[in-house]
Amino acid sequence: MPEIGETLREARMRRRIDMAEVESATKIRAKYLRALESEEWELLPGPTFVKTFLRTYAEYLELDARLLVEEYKQRFERPAGMDVTPLNLRRQRRKRRVAPRIGPGVVVVLGIAALLVALYLLGVSGDNGDEKEPPAAVETATPTPKKPASKRKKRAAPARPMRVSIVATGQVYVCMEDARGRAIVDKETLEAGQRTRTFRGRRFKVTFGTAAARIRQNDKTYRVATSKDPVGYALRAGRRPQRITSGLAGCT
């Protein structure tokens, strides 16, 4: 009877099937398929896997799987009592190789180190003798009086003056007052694209008739809220525009 591996290889070559295609169809790794064809049984995980892979591969090639498995059992399978898989043998060999060996030199060094430690401990215990050092006097820590908290608190540095201008996105009524209540934009109606000049200060109040405007504060732009009533904002340096409902800019 032809060899098992030769039978598998000839059947595959006769059908012109690539090894990658067999691997994809049978879910058996290509290296195990090659081991079956070359009859390198020691490369497989064990007799149980050999028979399973051999049966699957033979059925895929439309061969008599039962006949090939029986041939493998008669020629290569060991008795049940002697069945030790190559994988286990390799693991045992690795463990034996990894096991560290302590040479004579290491034993001598460890012995000298142990002797030095023992001599050091004897010397320390001999120095102590029967004399005992008097216990150290316990000093009572005198609490340090706390300094009265300074009544003066550092005031936060005032925010730098901001730059403010109004940009119209449509027809909008604008009234704007500075910190003293003086009208700096006195009831003006701006058209889309128009903008006021840039004002500098720490506080402003501005009232809009519609939401068709933007507030330009330093390098940021803020939208005006949509409302059926006039919308007012308080502008303060270092803060975002804050909407207000009372004390709107009247611009007399």
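The values are calculated or read from the model by the stated rules, or taken from the named source; none is laboratory data. Keep in mind that this is a model prediction, so the values were computed, not measured. Cβ sites come from the backbone with ideal geometry, for glycine too, and all protein chains shown count toward neighbours.
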For region 23-71, give me each residue that is touching a residue at least 40 places away in the same chain (Cβ under 8 Å), part of a helix (DSSP H, G or I) and closer than 15 Å to ARG9 by Cα. LEU54, TYR57, ALA58, LEU68
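If you scan region 190-220, which residues turn out to be within 21 Å of THR245 (Cα to Cα) and either in contact with a Leu (Cβ under 7 Å, 6 or more places away or on another chain) or assigned to a strand (DSSP E or B) (or both)? Step through it out loud before you land on a result.
Looking only at region 190-220, we keep the residues that are within 21 Å of THR245 (Cα to Cα), and these are 202-217.
Hits for region 190-220 are ARG203, PHE204, LYS205, VAL206, THR207, PHE208, ALA213, ARG214, ILE215, ARG216, GLN217.
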All but one of (1) under 12 Å from GLY5 (Cβ atoms); (2) within 45 Å of the chain's Cα centre (by Cα); (3) of a type in the set (S, T, N, Q) hold for THR52, so report the exception by its number. (1)
With the structure loaded, tell me whether ALA20 is touching a residue at least 24 places away in the same chain (Cβ under 8 Å) and part of a helix (DSSP H, G or I) or whether it fails that test. no
Considering only residues that are modelled with pLDDT of 90 or more, in a loop (DSSP other than H, G, I, E, B) and surrounded by 11 or more Cβ atoms within 10 Å (Cβ to Cβ), which ones fall in region 226-237? ALA237
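Pull up region 184-207, narrow it to residues that are in contact (Cβ under 8 Å) with a residue 40 or more places away in the chain and either touching a Gly at 6+ places or on another chain (Cβ under 6 Å) or not small (Gly, Ala, Ser) (or both), then point me to the one that is surrounded by the most Cβ atoms within 10 Å (Cβ to Cβ). Walk me through it before giving the result.
Initially, region 184-207 is screened for residues in contact (Cβ under 8 Å) with a residue 40 or more places away in the chain, giving 185-187, 201-202, 204-207.
Remaining after also requiring either touching a Gly at 6+ places or on another chain (Cβ under 6 Å) or not small (Gly, Ala, Ser) (or both): 185-187, 202, 204-207.
Numbers: VAL185: 20, ASP186: 13, LYS187: 15, ARG202: 15, PHE204: 23, LYS205: 20, VAL206: 27, THR207: 20.
Only one residue tops the list, namely VAL206.
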Please list, ordered by first then second residue, the pairs with beta carbon atoms under 8 Å, 6 or more apart or interchain, first in region 225-249 and polar (S, T, N, Q), second at pLDDT 90 or above and crowded, with 18+ Cβ neighbours inside 10 Å. GLN242/TYR233; THR245/GLY232
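Do the conditions hold for LEU122, that is, is it of a type outside the set (Gly, Ala, Ser), at pLDDT 55 or above and either over 43 Å from the mean Cα position of the chain (by Cα) or assigned to a helix (DSSP H, G or I) (or both)?
Details: of a type outside the set (Gly, Ala, Ser): yes; at pLDDT 55 or above: yes; either over 43 Å from the mean Cα position of the chain (by Cα) or assigned to a helix (DSSP H, G or I) (or both): yes.
Yes.
I'd like the full set of residues that are aliphatic (A, V, I, L, M), at pLDDT 80 or above and farther than 12 Å from ALA213 by Cβ, limited to region 149-170.
Scanning region 149-170 gives MET162, VAL164.
This table checks each residue for (1) within 11 Å of ALA249 (Cα to Cα); (2) hydroxyl-bearing (Ser, Thr, Tyr); (3) out of contact with any strand residue (DSSP E or B) (no Cβ under 8 Å at 6 or more places or on another chain).
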site	(1), (2), (3)
ARG182	yes, no, yes
THR189	no, yes, no
ALA192	no, no, no
THR196	no, yes, no
ALA212	no, no, no
ASN218	no, no, no
THR226	no, yes, yes
GLY232	yes, no, no
